[in-house]
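Chemist: Okay, here's the structure, questions in a sec.
The values are calculated or read from the model by the stated rules, or taken from the named source; none is laboratory data. Since we're looking at a predicted model, the values are computed, not measured. Cβ placement follows ideal geometry from the backbone for every residue including glycine, while neighbour counts extend to all protein chains displayed.
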Amino acid sequence: MTSQENIDRARVLRRKINQANIDYYVLDEPAIPDAEYDRMMQELIAIEDECPELITKDSPTQRVGARPLDSFSEVKHVVPMLSLSNAFDEEEMTAFDHRVREMLEQDQIEYVGETKFDGLAISLLYEDGVLTRAATRGDGVTGEDVTQNARTIRGIPLRLQGKSTPKRFEVRGEIVMTHQAFDKLNEKQKAKEEKIFVNPRNAAAGSMRQLDSRITADRQLSFFAYSVGLFEKDEQSPEITSHSEMLVRLKTFGLPVSEIMVLKGLKACLLYYRTMNNLRNSLDYDIDGVVFKINDFKQQEIMGFVSRAPRWAIAYKFPPEEELTQVLDIEVQVGRTGALTPVARLEPVFVGGVTVTNATLHNEDEIKRKDVRVGDTVIVRRAGDVIPEVLKVVMEKRPDNTRPFKMPAKCPICDSDIEREEGETVIRCSGGLYCSAQQVQAIIHFASRRAMDIDGLGDKLIEQLVEKGLINNVSDLYGLQQTQLACLERMAEKSASNIISALNNSKKTTLDRFLYALGIREVGDATARSLANHFGNLSAIQSATQEALEDVADVGPIVAKHIVTFFSQTHNQEVINNLLTAGVHWSDVEVKAEQPLRGKIFVITGTLKGMKREEVKQRLLALGAKVSGSVSKKTDYVIVGSDPGSKAEKARKLEVEILDEAGFLSLLE
Ligand code: D41
């Protein structure tokens, strides 16, 4: 029986769930915790199970995927989906602007700049506000019907928001997968020993082409709208006269729209391009360029089209981050911690703005999985400042007689045994500082900018010094004589004296730099700072127990263990003593007494009114507290905002002290 109560509750839940999706995907401001979302979804599913007659086509429960199809059917687009012309350099971009200005007889054109998503173009048809069809772009005239799959994407509204929605309305956009979703997917694929995706675009495209939409539902795809094909608006709604107005309108319909910028003239466009190119690697999804569109619809109409591409828009592509090249050799490098990393020597290739000659192959498992061999043609990727990597072998181009690569059984540098820790993919040389590669790397790290910052002491020079037996460890650096340096290759008298003074200058340092410079495993510069601030002086850290170390803000059991092990080794103690004797010094750090929450473990759940969650976390960390993601018996306090999730319940069960926002604020005071 359908009770009025169920009818009302289902309506309320659908409204709340749809709003949560809009907050998350359109406004980028999640308002409720995931657990709360899941709980509402479960409740709605339960109601619909009890009263199936209440299920509507646009109910959020209908996103979970439908029965598999045998094949996709073809659909003809209501209005053909055009393609975009490209510009690859400033000259081509300038020529575009010139053409536009000439045709429109105007000195300066108003453009809209938007990011060019590297995903899969798609068309969504809404009739009377309800999503009725989704189709891939295909050849622009006909595409494939992927409605079932599109319905599983949480960012795609099943029903448009707002009172006056158009009768028939077709919106175009791009399906993408965020890096986070991509990494998660590949982890899952790896665990299941299934296909690993090369990049988010392939993963997004592959996920949209699933005949079984339950798989698509599991893939966490995103959607961004960027243009409209068909818009049958009612008489009352106001005329839309520009692209930027249209995008605002799309947003009010509940469609996710990317950030755009209205740009006046070519110069502003070129600046926008450079800015986005710099920001490119900090985004959570891939973009391969920017798109410029004339903002004014009337001007767009005047410009018209050439062979299926509008003359009023252009994609200005970024330099590619992936290129093809050949593997000339595979070598094994030994790092500072002894980790053996296979590295591909490549036929030089220009990618990501630089010429790349080496690319990491990560570890043995990766090399096996990708089956990279000498002579192979491979796709290399260099994104931002990240170390270039080999993504994939182009198997069709593999020459005959290649042999699979084998990791050496001994360290290629010092011939020591190789060890592989349980559960780790990395294999290490067991030689420690006996291994000259580890010596060199340890000294390079010690001299680096964020460590002791020894100006002029570069990698090649350190290699020479170790090779010639002039130094064995970092403390030997301070015993070097100018005459010894001057005898080295490519070393003039002047630079030798510069290095000696740089060494002397580096002796005055800070505790956190010194700790970082020691190269303790897993102790990066941030951890070194936490340690310095927490303990204040070196001997306190040297004698700290595992438990005492774990009290430090970002130190967990593994890092704590590495620290204890490091200081327990006699040769490390010797090196430290020698450094101090050589005159390395710093001022001890004043340990802030105001750490009243030291060692206390907090969990935050729900939405706080006055403060962002990250802000709360930073305040707590500053007071010495730890912030954890889950409630356990060890938790001291749970801060509960509005709409809390299951964590609040668990806290109650475990009788952990619960603070509301006011309680938390008074605790801060
Ligand atoms: O982000 C994109 N990939 C993107 C693609 C975009 N931001 N705008 C686009 N605008 C158009 C026109 C101007 C034709 C409406 C496009 C595309 N087209 C497009 N995507 C794939 C083919 C064409």
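Chemist: Hey, can you tell me all the residues within segment 283-301 that are over 16 Å from Glu114 (Cα atoms) and loosely packed, with under 15 Cβ neighbours inside 10 Å?
Modeler: The answer is Lys298, Glu301.
Chemist: Here's something else I'd like to know. For segment 125-136, which positions are away from the ligand (no atom under 14 Å from the Cβ) and touching a residue at least 24 places away in the same chain (Cβ under 8 Å)?
Modeler: Leu125, Tyr126, Glu127, Asp128, Gly129, Val130, Leu131, Arg133
Chemist: Of all residues in segment 478-523 being touching a residue at least 60 places away in the same chain (Cβ under 8 Å) and assigned to a loop (DSSP other than H, G, I, E, B), which is farthest from Arg450 (Cα to Cα)?
Modeler: Here the residue is Arg521.
Chemist: Kindly list, by first and then second residue, each pair from a residue in segment 255-266 that is under 26 Å from Val130 (Cα atoms) to a residue that is assigned to a strand (DSSP E or B) and of a type in the set (Ser, Thr, Tyr), limited to pairs with Cβ atoms under 9 Å and residues at least 6 apart or on different chains.
Modeler: Every condition considered, the pairs that remain are Pro256/Ser222; Val257/Tyr226; Ser258/Thr115; Ser258/Tyr226; Glu259/Thr115.
Chemist: Looking at segment 16-32, I want the residues that are polar (S, T, N, Q) and have a partner that is modelled with pLDDT under 90 with Cβ atoms under 7 Å, at least 6 apart or on another chain. Which pairs are those?
Modeler: Within 7 Å, the pairs are Asn18/Pro60.
Chemist: If Pro238 passes every condition in (1) in contact (Cβ under 8 Å) with a residue 24 or more places away in the chain; (2) away from the ligand (no atom under 16 Å from the Cβ); (3) loosely packed, with under 14 Cβ neighbours inside 10 Å; (4) not acidic (Asp, Glu) but one, which one does it miss?
Modeler: Every listed condition holds for Pro238 apart from (1).
Chemist: What's the number of the only condition in (1) more than 14 Å from the ligand (Cβ to nearest atom); (2) assigned to a helix (DSSP H, G or I); (3) without any contact (Cβ under 8 Å) to a residue 60 or more places away in the chain; (4) over 28 Å from Ala359 (Cα atoms) that Lys251 fails to meet?
Modeler: Going through (1) more than 14 Å from the ligand (Cβ to nearest atom); (2) assigned to a helix (DSSP H, G or I); (3) without any contact (Cβ under 8 Å) to a residue 60 or more places away in the chain; (4) over 28 Å from Ala359 (Cα atoms) one by one, Lys251 breaks only (3).
Chemist: So, in segment 322-370, of the ones that are of a type in the set (Lys, Arg) and in contact with a strand residue (DSSP E or B) (Cβ under 9 Å, 6 or more places away or on another chain), which residue ends up surrounded by the fewest Cβ atoms within 10 Å (Cβ to Cβ)?
Modeler: So, considering only residues that are of a type in the set (Lys, Arg) and in contact with a strand residue (DSSP E or B) (Cβ under 9 Å, 6 or more places away or on another chain), the one surrounded by the fewest Cβ atoms within 10 Å (Cβ to Cβ) is Arg345.
Residues checked against (1) over 29 Å from the mean Cα position of the chain (by Cα); (2) among the hydroxyl-bearing types (Ser, Thr, Tyr); (3) within 16 Å of the ligand (Cβ to nearest atom):
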| residue | (1), (2), (3) |
| --- | --- |
| Ala95 | yes, no, no |
| Val100 | yes, no, yes |
| Tyr111 | yes, yes, yes |
| Ala121 | no, no, yes |
| Gln161 | yes, no, no |
| Thr165 | yes, yes, no |
| Asn186 | no, no, no |
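Chemist: Next up: Would you mention how many residues in segment 106-144 are part of a strand (DSSP E or B) and over 24 Å from Ala181 (Cβ atoms)?
Modeler: Matching residues across segment 106-144 total 11.
Chemist: Which pairs turn up if I take residues in segment 455-470 that are part of a loop (DSSP other than H, G, I, E, B) and look for partners that are hydrophobic (A, V, I, L, M, F, W, C) and surrounded by fewer than 20 Cβ atoms within 10 Å (Cβ to Cβ) with beta carbon separation below 7 Å, at least 6 apart in sequence or on another chain?
Modeler: The qualifying pairs are Asp455/Ala502; Gly456/Ala502; Leu457/Ala502; Leu470/Leu480.
Chemist: Right, another one. Taking segment 62-91 as the region of interest, how many residues are part of a loop (DSSP other than H, G, I, E, B), away from the ligand (no atom under 14 Å from the Cβ) and closer than 30 Å to Tyr273 by Cβ?
Modeler: Qualifying residue count for the region: 2.
Chemist: Across segment 301-317, what is the number of residues that are under 19 Å from Tyr226 (Cα atoms) and in a loop (DSSP other than H, G, I, E, B)?
Modeler: 4
Chemist: Considering only segment 279-300, state which residues are part of a helix (DSSP H, G or I) and either in contact with a Pro (Cβ under 6 Å, 6 or more places away or on another chain) or more than 10 Å from the ligand (Cβ to nearest atom) (or both).
Modeler: Result: Leu279, Arg280, Asn281, Ser282, Phe297, Lys298, Gln299.
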